[in-house]
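Here is the structure we will look at.
The values are calculated or read from the model by the stated rules, or taken from the named source; none is laboratory data. Just so it is clear, the model here is predicted, and its values are computed rather than measured. Virtual Cβ from ideal backbone geometry, glycine too; neighbours counted across all protein chains shown. Side chains are part of the model used for accessible areas, which takes the heavy atoms of the whole protein and leaves out ligands, DNA and RNA. Shrake-Rupley method; radii C 1.70, N 1.55, O 1.52, S 1.80 Å.
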Amino acid sequence: ICGSSLGGLISLHALYSRPDVFRSAGVVSPALGWADNEALRHAQQKKLPPGAKLWIDVGTEEVVPGANGKNEFLERVRRLIHILESKGLTRGEDFHFEEVIGAKHHEADWAERFDRILVFFYGRGSNNHHTPRKR
């Protein structure tokens, strides 16, 4: 599962709550401040299922209106990374984290990195794709 902004929150929640269905999640520019930081509290209280794989990213120019130039998106995502590492997850092994220089909270910026997300989850090369069976 993969989503951006509120979809990033849904993806993270799905991985925590339904590990029988979802083994990996793309958490792109997650709106972690939603519902008064509930997703951060949830991550602090819960453990990810063994073998879960996460892509987490955020743009360095994702500024919340009225935040006086402070990048709350970036700060909250860094808090999430700290929570994951405090629970024993390893960056580069259990999850990928990227601060995308100059990226904004916008669909065009998310689209520019979606190919890297797919490669992270599925690899590249001819052996990593599904070939339909002949009938």
Legend entry - Rounded to 10°, Cα long-axis angle of helix 6-17 versus longest principal axis of the chain: 60 degrees
Legend entry - Rounded FRET efficiency, nearest 0.05, which uses the C-beta distance separating K46 from E93 and R0 of 25 Å: 0.80
Inset, instruction - Sort R113, R91 from largest to smallest accessible area, using a 1.4 Å probe on the heavy atoms of the protein chains. - result: R91, R113
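Hey, any idea what the orientation-averaged projected area of the convex hull of segment 70-125's Cα atoms comes to, in nm²? List each step's numbers first, then the result.
Details: hull surface 19.1 nm².
Here the figure is 4.8 nm², rounded to one decimal.
From the Cα gyration tensor of segment 1-44, with a ≥ b ≥ c the square roots of its eigenvalues, which class applies: rounded if a/c is under 1.5, or else prolate if a/b is larger than b/c, or else oblate?
On the way: a/c = 2.70, a/b = 1.37, b/c = 1.98.
It is oblate, given that a/c is not under 1.5 and a/b is not larger than b/c.
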Legend entry - Carbon and sulfur %, accessible surface of the chain computed with the full protein complex present, 1.4 Å: 52 percent
Inset, instruction - Taking the chain as the reference, fit the longest principal axis to its C-alpha atoms, fit the long axis of helix 107-122 to the helix C-alpha atoms, and give the angle between the two in degrees, 0 to 90, nearest 10. - result: 40 degrees
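Would you mind counting up the charge near E98? Only other residues with Cβ under 9 Å from its Cβ, with Lys and Arg at +1 and Asp and Glu at -1.
Numbers: positive: R113, R116; negative: D57, E99.
Taking every Cβ under 9 Å from that of E98, the sum is 0.
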Inset, instruction - At 7 Å along the Cα-to-beta-carbon direction for both N37 and H82, put a label point, then send me their distance in nm to one decimal. - result: 0.9 nm
Inset, instruction - With a ≥ b ≥ c taken as the square roots of the eigenvalues of the C-alpha gyration tensor of segment 1-76, please select rounded if a/c is under 1.5 and otherwise prolate if a/b is larger than b/c or oblate if it is not? - result: prolate
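Give, to the nearest whole percent, the P(r) tail of the chain beyond 21 angstrom, counting all Cα pairs.
Numbers: 3669 of 9045 pairs.
Cα-Cα pairs in the chain separated by more than 21 Å: 41 percent.
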Inset, instruction - Mind telling me which of I101, I56, I81 comes out most flexible in a GNM of the chain, alpha-carbon contacts under 10 Å? - result: I101
Legend entry - Cα centre as origin, Lys/Arg/Asp/Glu Cβ charges: the chain dipole, Debye: 780 debye
Inset, instruction - Figure the gain on full extension for H106 and R18 (residue separation times 0.36 nm, minus the Cα-Cα span) and round it to one decimal in nm. - result: 28.9 nm
Legend entry - Helix-derived mean residue ellipticity, 222 nm - over the chain, DSSP H n ≥ 4, -39500 (n - 2.57), to 500: -13000 deg cm²/dmol
